[in-house]
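See structure below.
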Amino acid sequence: MSTFRGGIHPYEGKTISMNKPTLTVQPKGDMVFPVSQHIGAPASPIVAVGDVVLVGQKIAEATGFVSSPVISSVSGKVKAIEPRQTVDGSKVMSIIVENDEEYRTVEGFGKERDYTKLSKDEIKEIVKEAGIVGMGGAGFPTHVKLAPKEPEKIDHVIVNAAECEPYLTSDYRMLLEEPEKVIGGLKVMLSLFDGAKGVIAIEDNKPEAIKKLQELTANESNITVKVLKTKYPQGAERQIIYMVTGRKIGSDKLPADAGCIVDNVDTVIGIYNAVCLSTPLIRRIITLTGEAVREPVNVNVRIGMHYAEMVKQAGGFGVDPKKIISGGPMMGKALSTLDIPVTKTSSSLLALAKDDVADSKETACIRCGRCVAACPMQLVPTKMAAACRKGDKATFEKLHGMECYGCGSCTYVCPAKKQLTQLFVRTRSEILADRKKK
Amino acid sequence: MSNLYNVSASPHVRSKASTTKIMLDVIIALLPAAGFGIYNFGLSAALVILITVATCVCTEFCYEKLMKLPVTIGDLSAVVTGLLLALNLPASAPWWMCVLGGVFAILVVKMLFGGIGQNFMNPALAARCFLMISFAGRMTAWVYDGVSAATPMAKLRSGATPELLTYFIGNYAGTIGETSALCLLIGACYLLIKKVITWKIPVIYVATTVIFIGIFGRFGFDAKYLLSEVLTGGLLIGAFFMANDYTTSPITAWGQVIYAVLLGVLTGIFRLWGATTEGVSYAIIISNLLVPLIEKVTIPAPFGKAGAKKA
């Protein structure tokens with residue numbers, strides 16, 4: 001099977017959670033809705049303390065094109081609007097709703113709708129108002145993705161079902177449990193782009209899901225299932241576009257420049273729910289997994305729920321975790337505390353019983369070249385790192401350092417345990433900040 | 001704030017690879033050749049290996065203690081250097097030559113340039129060439145089965161017919177570790193399977209040498225002579241264990257190709273027209289010096305080629 005150059009094969013860790021049906025939990029206590037759960041301008045609260053809100057009610061509205069509203073996932077009274085700690089450790093203005101556990105909904109909530117009777121603009125507006133963002137982790141507002149400058153040039157709509165991060169199985173469970181929603185969501189997206197074909201791209205370590213999708217799409221002339229080699233970072237946007245279309249894009253281009261719209265499984269389901277079932281983004285699936293978790297499982301949870309409460313309801317920890325990560329082990333964020341809310345981009349909660357980072361000691365680079373071989377962007381990480389350590393941003397850029405998207409492959413393979421990705425991510429953001437100043 | 005978890009930037013998992021494990025694999029891969037050397041040349045070979053390895057480890061330890069640096073002998077790289085140097089010495093080498101070579105390799109070539117990963121030449125080969133220049137007589141006083149003997153390369157130059165099976169097994173005169181092609185290839189296979197090395201530099205190096213000698217040599221593409229060129233004269237130990245030394249070979253894909261071709265051409269030149277019959281050591285240390293330059297011109301274009309025009 002052909003594949004992209006570079007990449008790694010880390011320990012998969014998926015079997016511990018992949019074979020159990022998704023568990024639905026209901027929140028208890030206060031719900032916390034940060035106004036910034038996406039890339040772009042924070043949403044602006046449109047409720048006041050004391051207001052009663054309903055399930056599906058917009059409580060903060062988008063403040064620009066690249067922005068996304070926030071929807072309440074419970075009914076109850078707005079208790080406070082104040083800064084609360086979120087996944088990256090910073091405090092973000094949040095709307096706190098006292099959950100009355102009655103789950104009264106707004107009018108029209110959950111009503112079936114025929115997308116073929118909607119215009120393209122209506123669909124995009126629904127997606128925007130439903131608060132849908134890229135749920136793989138980045139949180140880029142989906143309605144922006146669906147509105148490229150030249151929509152007629154889009155010839156591929158790709159559902160990213162690679163799920164290449166170790167441990168994560170939420171996309172897999174969704175493909176097994178709700179495949180018709182994935183295909184339905186893809187059809188909605190295809191209706192926006194005449195002449196585009198739909199591709200569900202999936203790694204070959206999910207044979208059951210592949211079989212199911214192939215059966216369900218057998219009669220869909222415009223949708224195909226693309227089976228990809230299991231390799232990290234197969235699910236990275238640039239790599240998946242290359243594997244589906246053969247087109248390569250770098251940091252100066254968007255997927256739309258290569259004629260592609262790429263969204264992950266959860267996001268596509270979100271589009272389906274919003275457009276066909278009049279249900280905005282109020283829930284998501286989180287893979288609760290890792291060696292420290294008593295019962296690794298995928299959890300269907302209302303956005304805004306307290307993380308620690310979710311862990312408790314799902315069975316809690318078997319052993320004391322050393323490290324807790326929101327997202328996968330390769331690109332996820334380490335959490336110092338579980339006292340934070342579930343947000344739109346919380347793809348998993350990974351509790352590791354041992355911390356590789358704390359256990360490893362940095363030694364001298366022996367120039368083994370493993371980082372060069374592993375880089376999916378064909379960069380030369382060890383030389384870039386040398387430039388970073390000297391603060392030599394010009395050399396870093398000359399070595400194409402700005403192409404790095406922080407997949408972590410170089411750091412993973414390094415026998416000297418160098419913090420390579422970490423240096424690049426920091427240097428890149430410094431350079432981007434410098435550019436803004438000019 | 002008592003119950004805070006560990007935090008760090010991603011990625012949060014690491015492969016099991018470590019410098020020590022890599023070095024241990026190289027040592028394991030060299031054991032067949034070292035064992036055969038002892039069998040072939042007797043206990044004096046074992047003594048040379050022991051003294052050289054001990055000197056290398058001691059030199060690194062003493063230097064780091066003296067300079068108040070963290071001691072790094074645990075990474076086993078000094079053992080590898082010592083072992084490689086010993087395998088490149090004749091079994092008849094006196095103890096003081098082993099010590100001198102070991103000190104030169106570690107102190108001058110490695111530590112003074114910043115330690116592991118910073119040496120500009122392969123330390124073992126630089127030390128061998130240093131000894132070669134300083135004590136040419138003793139370094140080429142080949143003794144086999146108690147009598148002085150010539151190496152196959154020298155014999156072939158003076159018109160002898162190749163004895164391929166002997167060359168393959170290795171029961172002939174030479175340095176301790178270079179003679180047995182079989183043992184070296186077993187070690188090379190081990191390193192390839194363990195993914196410590198890739199095929200690229202060794203195979204391109206050997207192939208270039210063969211083609212070069214085939215074109216310019218006296219016997220053309222005569223398979224017997226060309227095979228002799230591969231099996232003897234230290235080409236295999238050089239190609240699989242020293243030319244591809246991480247620190248002193250290019251890390252870029254095309255750089256490795258250019259470097260390997262250069263090695264083959266230089267080896268061919270030295271073998272055909274040089275003063276000595278084998279040219280592997282000199283070819284490698286000269287090519288080592290060109291690595292920074294080769295890397296500079298072979299930085300790959302990134303995926304998607306964005307930014308390629310800038311800079």
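The values are calculated or read from the model by the stated rules, or taken from the named source; none is laboratory data. Everything numeric here is computed off the predicted structure, so don't read it as measured data. For neighbour counting, all protein chains shown are included, and Cβ atoms are generated from backbone atoms with ideal geometry for every residue, glycine included. Each accessible area value is taken on the protein alone, full model and side chains, heavy atoms only, with ligands, DNA and RNA left out. Shrake-Rupley method; radii C 1.70, N 1.55, O 1.52, S 1.80 Å.
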Condition first: over 21 Å from B:ALA17 (Cβ atoms) and among the charged types (D, E, K, R). Can you find one or more residues in segment A:362-373 that meet it?
no
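Would you point out the residue of segment A:410-421, among those that are assigned to a helix (DSSP H, G or I) and at the interface with chain B (Cβ under 8 Å from one of its Cβ atoms), that is surrounded by the most Cβ atoms within 10 Å (Cβ to Cβ)?
Among them, the one singled out is A:THR411.
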Of the conditions (1) buried (at least 24 other Cβ atoms within 10 Å of the Cβ); (2) modelled with pLDDT under 95; (3) within 14 Å of chain B (Cβ to nearest Cβ), the single one that A:LEU254 does not satisfy is (1)
1 or more residues of a type in the set (S, T, N, Q): qualifying strands (runs of 3 or more DSSP E) within segment A:135-232:
A:156-161, A:223-228
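Inside segment A:322-354, can you point out the residues that are closer than 24 Å to A:GLY270 by Cα and either assigned to a loop (DSSP other than H, G, I, E, B) or charged (D, E, K, R) (or both)? Let's see the steps before the verdict.
Residues of segment A:322-354 closer than 24 Å to A:GLY270 by Cα: A:325-328, A:331-333, A:340-350.
The answer is A:GLY327, A:GLY328, A:MET331, A:GLY332, A:LYS333, A:ILE340, A:VAL342, A:THR343, A:LYS344, A:THR345, A:SER346, A:SER347.
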May I ask you to say which residue of A:ARG84, A:ARG104 is touching a Leu at 6+ places or on another chain (Cβ under 8 Å), open to solvent by 50 Å² or more (accessible area, probe 1.4 Å) and either basic (Lys, Arg) or modelled with pLDDT of 95 or more (or both)?
A:ARG104
Selection from segment A:388-406 of residues that are more than 8 Å from chain B (Cβ to nearest Cβ) and touching a residue at least 60 places away in the same chain (Cβ under 8 Å):
A:TYR405
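From the residues in segment A:336-361 that are among the hydrophobic types (A, V, I, L, M, F, W, C) and over 30 Å from A:ALA416 (Cα atoms), which one is farthest from the other protein chains (Cβ to nearest Cβ)?
Going through the qualifying residues, I end up with A:VAL342.
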Could you list, in sequence order, the residues of segment B:169-200 that are open to solvent by 10 Å² or more (accessible area, probe 1.4 Å), at pLDDT 95 or above and assigned to a helix (DSSP H, G or I)?
B:LEU182, B:CYS183, B:LEU185, B:ILE186, B:CYS189, B:TYR190, B:LEU192, B:ILE193, B:LYS200
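Every residue, every condition in (1) open to solvent by less than 50 Å² (accessible area, probe 1.4 Å); (2) under 12 Å from the mean Cα position of the chain (by Cα), yes or no:
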{"position": "A:ILE126", "(1), (2)": "yes, no"}
{"position": "A:PRO141", "(1), (2)": "yes, yes"}
{"position": "A:VAL144", "(1), (2)": "yes, no"}
{"position": "A:LYS149", "(1), (2)": "no, no"}
{"position": "A:LYS153", "(1), (2)": "no, no"}
{"position": "A:VAL159", "(1), (2)": "yes, no"}
{"position": "A:GLU163", "(1), (2)": "yes, yes"}
Yes or no: A:GLY369 more than 23 Å from the chain's Cα centre (by Cα), small (Gly, Ala, Ser), within 13 Å of chain B (Cβ to nearest Cβ) and on the phi > 0 side of the Ramachandran plot?
yes
Quick check on segment B:237-255. Is at least one of its residues surrounded by fewer than 19 Cβ atoms within 10 Å (Cβ to Cβ) and of a type outside the set (D, E, K, R)?
yes
A:ILE249 open to solvent by less than 30 Å² (accessible area, probe 1.4 Å), within 14 Å of another protein chain (Cβ to nearest Cβ) and either part of a strand (DSSP E or B) or not basic (Lys, Arg) (or both):
yes
Which one of these is of a type in the set (A, V, I, L, M, F, W, C) and more than 10 Å from every other protein chain (Cβ to nearest Cβ): A:ALA385, A:ALA364?
A:ALA385
If I ask for residues that are assigned to a loop (DSSP other than H, G, I, E, B) and in contact with an Asp or Glu (Cβ under 8 Å, 6 or more places away or on another chain), which ones from segment A:254-308 would you list?
A:GLY259, A:SER278, A:PRO280, A:ALA292
Matching residues, segment B:202-237, being among the small types (Gly, Ala, Ser) and in contact (Cβ under 8 Å) with a residue 60 or more places away in the chain
B:SER228, B:GLY233, B:GLY234
Quick one: B:PHE270 ticks every box in (1) of a type outside the set (S, T, N, Q); (2) open to solvent by less than 20 Å² (accessible area, probe 1.4 Å); (3) in a helix (DSSP H, G or I) except a single one, so which number is it?
(2)
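The rows are residues; the columns are (1) outside any helix (DSSP H, G or I); (2) within 14 Å of chain A (Cβ to nearest Cβ); (3) open to solvent by 50 Å² or more (accessible area, probe 1.4 Å); (4) free of Cβ contacts under 8 Å to residues at least 12 places away in the same chain.
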| position | (1), (2), (3), (4) |
| --- | --- |
| B:LYS65 | no, no, yes, yes |
| B:VAL80 | no, yes, no, no |
| B:PRO90 | yes, no, no, no |
| B:CYS98 | no, no, no, no |
| B:LEU107 | no, no, yes, no |
| B:MET121 | yes, yes, no, no |
| B:CYS129 | no, no, no, no |
| B:MET132 | no, no, no, no |
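With respect to A:PRO321, is the statement that it is crowded, with 22+ Cβ neighbours inside 10 Å, in contact with a Pro (Cβ under 6 Å, 6 or more places away or on another chain), under 16 Å from A:ILE286 (Cβ atoms) and facing another protein chain (nearest Cβ under 9 Å) true? Break it down stepwise before answering.
Values: crowded, with 22+ Cβ neighbours inside 10 Å: yes; in contact with a Pro (Cβ under 6 Å, 6 or more places away or on another chain): no; under 16 Å from A:ILE286 (Cβ atoms): yes; facing another protein chain (nearest Cβ under 9 Å): yes.
In short, no.
Residues checked against (1) charged (D, E, K, R); (2) in a strand (DSSP E or B); (3) over 28 Å from A:LYS354 (Cα atoms):
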{"site": "A:GLY6", "(1), (2), (3)": "no, no, no"}
{"site": "A:LYS28", "(1), (2), (3)": "yes, no, yes"}
{"site": "A:ILE39", "(1), (2), (3)": "no, no, yes"}
{"site": "A:ILE81", "(1), (2), (3)": "no, yes, yes"}
{"site": "A:GLU98", "(1), (2), (3)": "yes, yes, yes"}
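Just to check your reading of the model, which residue among A:MET330, A:MET305 is at the interface with chain B (Cβ under 10 Å from one of its Cβ atoms) and either over 21 Å from A:VAL97 (Cα atoms) or out of contact with any Leu (no Cβ under 8 Å at 6 or more places or on another chain) (or both)? Explain how you work it out, then say what you get.
Values: A:MET305 fails: at the interface with chain B (Cβ under 10 Å from one of its Cβ atoms).
Of the residues listed, the single one that is at the interface with chain B (Cβ under 10 Å from one of its Cβ atoms) and either over 21 Å from A:VAL97 (Cα atoms) or out of contact with any Leu (no Cβ under 8 Å at 6 or more places or on another chain) (or both) is A:MET330.
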